[in-house]
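A.B. asks: Sending over a structure as C-alpha cells; questions will come in a sec.
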Amino acid sequence: MSVTDTDATQKVEPEPRASADPRLSPVHDGGVSLHSPVPQVAHHDHPPGAESREAAVERPARGVKLARISRTGDLVFRGLTGGSGGLIVLLVIFVGVFLLALALPSLLANKDNFLTSRNWTVSGAELRFGILGLLWTTVLSSILAMAMAVPVAVGVALCLTQYLPKRVSGPVSFVVDLLAAVPSIIFGLWGLTVLGPFLAPAAEWLIRHLGWIPLFSKGVDPKGTVFVASVVLAMMILPIVTAISRDVFAQTPRDHVEAALALGATRWEMIRTSVLPYGRSGVIAASMLGLGRALGETVAVMIILTQPAPGSPFSPSIFAGGETFASKIANNAAEFDSPSKTGAYIAAGLVLFIVTFAVNALARIIANRGQAKS
C-alpha cells in the first residue's frame, strides 16, 4: 500500500465536542483546541443594594447633629484687640496734647527764638530760652552712637546666623542680649569712671591731628565729652539692633542661599547677594529703633556729660560737653516751681517727643515697605 493510500485511509478524528460544562467553550489556535472559561452572570432575585436600601427605608434616619456655632468669642476678642489698639493711640494723642497745652503759655511768653537760640533763662519775669544747643548735642551723640553700633551689630548678627554653629550661636546671642538688661545708671557710672579715662589718649590723638576741623577741636575734660557719651550710647543700643538684625537674617529664604552657593558663590558673595538685600529693610528699621532709644536716654548721658558754663561760647566739637533734651530736664527738675519754668522744660520735652515719634514712625514705614517687597 502506498503512502498516499495509507494517508487516505487514516481517519480524521473529529474535534472533541465541548464539554458538558457550559463554562468552557472551544477556541481554535493553529489547529489546537483550547478551552477558556466563559464568565458566568450570577442571577439574583433582588438587585445588589436593594436589600440595604429597603433596610435603610425601614430604619429611621439618623442625621449628624451639628454643634451650635457661636460668634461670641470672636466678637469679644475682636473688641478687646480693637480697644487695646485704640487705647494706645489715645494715650499717644493725650501725651502730645498734654505737653502742648502746658508748653504753649511759656512759648508765647518767650522773648527769644525757640528754635535758633541757645539761651536758657527761665527764672525771673522774662523768659528767654531756645533749644539749638540741646538739639545739636542730642542729635550729634545719637548719630555718633549709630555710626559705631550699627556696623558692629550687623557683623555680630551675620556671624551668629551665617558662620557660627547653633550650639555656639545660642550662648553668644544670650550674652549679647544681656547687655539690654544692664541698668542705665550702671552704664553711666562705668562710662564716667572707666571708659572716659580709657578713651582719653584716643581723644587727645584726634585733637592733635584733626583739631583744625571744628568737629574735632579741643573742648573740655576728655572724660565728660559727647564722644564718651556716644560710645556708651552705642553699647546701650547694640543689643536692640543686633537682635532685630539677627532675626531678619535668619528668615532669609533657604532657596536663595542654596541657589547662590550652587552657582559657585563664596560665603561672602552669598551674604552680599542674598542675605543683605533680603534683610536691608529690617536692618534700617532696627537702626531707627536704636536711634529712638539713643535720643531718649537720660541717666547715663546726664552722669557723663559735663555741663557748659552759662554764657560759654558754642562748640560743635565731639570733645566738648553739653546737654541733651533728656539730661536738661532731669538736671533741672528741682526748678519746676512755677508754671512758666515748667512750661519751658515741657516745651523741650515736646520737641524730644516729636523727634522720637517721627523716628519710630519712619522705622515702621521702612519695615512695612520691606515686607511688602519681599
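A.B. asks: Sort region 303-374 into rounded, prolate or oblate with this rule: let a ≥ b ≥ c be the square roots of the eigenvalues of the Cα gyration tensor; rounded if a/c is under 1.5, and if a/c is not under 1.5, prolate when a/b is larger than b/c, oblate otherwise.
C.D. replies: Because a/c hits 1.5 or more and a/b fails to exceed b/c, region 303-374 counts as oblate.
A.B. asks: Let me ask you something else. Please give the peptides 269-276, 287-294 ranked by average Cβ packing (other Cβ atoms within 10 Å per residue), highest first, as a rough proxy for protection.
C.D. replies: Taking the mean over residues of other Cβ atoms within 10 Å, the ranking is 287-294, 269-276.
A.B. asks: In whole angstrom, note down how far apart the Cα centers of region 117-168 and region 220-241 are.
C.D. replies: So the two Cα centres are separated by 8 Å.
A.B. asks: From the convex hull of the Cα coordinates of region 120-373, what is the mean projected area in square nanometres? Working shown, then result.
C.D. replies: Working: hull surface 65.9 nm².
For the Cα atoms of region 120-373, the hull's average projected area reads 16.5 nm².
A.B. asks: Further question on the same structure: Report the net charge of residues surrounding P222, where surrounding means a beta-carbon distance below 14 angstrom and charges are Lys +1, Arg +1, Asp -1, Glu -1.
C.D. replies: Local charge sum for P222: +1.
A.B. asks: Once you compute Rg and the Kirkwood Rh from C-alpha atoms, what is the Rg to Rh ratio for region 178-229?
C.D. replies: Ratio value, two decimals: 1.08.
Values quoted throughout were computed directly from the atomic coordinates according to the rules given, and no laboratory measurement underlies them. Computed from a predicted model, the values in this text were never measured in an experiment. Positions of Cβ are backbone-derived with ideal geometry, glycine not excepted, and every protein chain shown enters the neighbour counts.
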